[in-house]
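Data first, discussion second: the structure below is written as structure tokens.
The values are calculated or read from the model by the stated rules, or taken from the named source; none is laboratory data. Model, not experiment: these values are computed from the prediction. Here the Cβ positions follow ideal geometry from the backbone for every residue, glycine too, while neighbour counts run over all protein chains shown.
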Amino acid sequence: MTRNDPGLCQSLAGRAPSARLAAASMAAVVLLLSLVWTCSAAAGTVLTGRAEQGGLVAGATDPGARVSLDSRPVPVDRQGRFLLGFGRDAAATAELLIALPDGRAEVRALAVSRRDWRIQRIEGVPREKAEPDAASLARLKAEAAMVRAIRERITPEPQYLGGFLRPADGPVSGVFGSQRVYNGNGGAPHSGLDIAAPAGAPVHACADGTVVLAAPDLFLTGRTVMIDHGLGLISSYAHLSRLDVVAGAKVRRGDLVGAIGATGLATGPHLHWGMSWLDIRLDPEAVENTLNALYASISLNKKQ
Ligand SMILES: [Zn+2]
């Protein structure tokens, strides 16, 4: 704006007073319009949370907008709310494109913070679990396909707006993203957060949602519950000793979903707590930070 000022003054100099006045008011109108335009385009979309590897960002834009992240369509609800998830190995930048219903488009280059992931060695895993045979591999494949299909069904209403909590009490015994080595052999990175607790201790829903899976015996995760929180966000609870919910049940944040156990691929009783957005695994601690911040801002707006 400052750069344009000298040009504006020069073009007005030497004209008749009335023409100068008309030109000045026109310039003011143009300036005002451009300011309104810029502000509404910039302030129309609000993002909460940190764009980081394993992280979640909650967005709110104009109703009717279409959103994509690196050209991938993002689920948006009728009020313009959406979520963005970043995988463990997400690139340093991501392009957020918001096509507003009036034809304008907003493009933002998001800087995605890089994180360092640990290496965790786990010994004493039963051999048949660490090195599955052909029959077990076939079972694993079928179960993975079933879970993938659940993650592909997107419900358009956000159910995560009523707050968030840790599903179990206990120390963290395994963080998200660490490179796992089972019995000396490399495995996939850890896809969730492990909370150590005695067998039988309660496990609660981390947020409101709908139970989309309550499986009694999956090869890797044993007794497993998955809860859909809307707009692609799903939580999962693995290695349970008991299931207290059935598929299709509506749950509120804090409701009992099961009990701590060591079913599936586990060397002792603990909760493996997973969070995902679409097919991307997220760090539950990062999701917790974002959804707590979102809840705080919603509560603040209600009070005002
Ligand atoms: Zn785990």
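In the stretch 229-244, is there at least one residue being touching a Leu at 6+ places or on another chain (Cβ under 6 Å), surrounded by fewer than 24 Cβ atoms within 10 Å (Cβ to Cβ) and more than 20 Å from residue 157 (Cβ to Cβ)? Checked the stretch 229-244: at least one residue is touching a Leu at 6+ places or on another chain (Cβ under 6 Å), surrounded by fewer than 24 Cβ atoms within 10 Å (Cβ to Cβ) and more than 20 Å from residue 157 (Cβ to Cβ).
Return yes when residue 221 is over 24 Å from the mean Cα position of the chain (by Cα) and within 11 Å of the ligand (Cβ to nearest atom) and no when it is not. In short, no.
Pick from the stretch 226-245 the residues that are more than 12 Å from residue 150 (Cα to Cα) and either within 16 Å of the ligand (Cβ to nearest atom) or modelled with pLDDT under 95 (or both): which of them is nearest to the chain's Cα centre (by Cα)? Only one residue tops the list, namely 237. Applying the condition of being farther than 21 Å from residue 132 by Cβ and within 15 Å of the ligand (Cβ to nearest atom) to the stretch 246-269 and asking which residue is surrounded by the most Cβ atoms within 10 Å (Cβ to Cβ) yields 260. Looking at the stretch 57-148, the strands (runs of 3 or more DSSP E) lying wholly inside it that each contain 3 or more residues that are farther than 28 Å from residue 226 by Cα sit at 93-99, 105-111. One residue is enough: does the stretch 194-216 have a residue meeting the conditions within 16 Å of the ligand (Cβ to nearest atom), of a type in the set (D, E, K, R) and more than 18 Å from residue 261 (Cα to Cα)? No, the stretch 194-216 contains no residue that is within 16 Å of the ligand (Cβ to nearest atom), of a type in the set (D, E, K, R) and more than 18 Å from residue 261 (Cα to Cα).
Number of residues in the stretch 97-108 that are within 12 Å of residue 61 (Cα to Cα) and in contact (Cβ under 8 Å) with a residue 12 or more places away in the chain: the value is 6. Taking the criterion of being in contact with a Leu (Cβ under 8 Å, 6 or more places away or on another chain) and away from the ligand (no atom under 11 Å from the Cβ), the residues of the stretch 270-287 that qualify are 275, 276, 277, 282, 283, 285, 286, 287.
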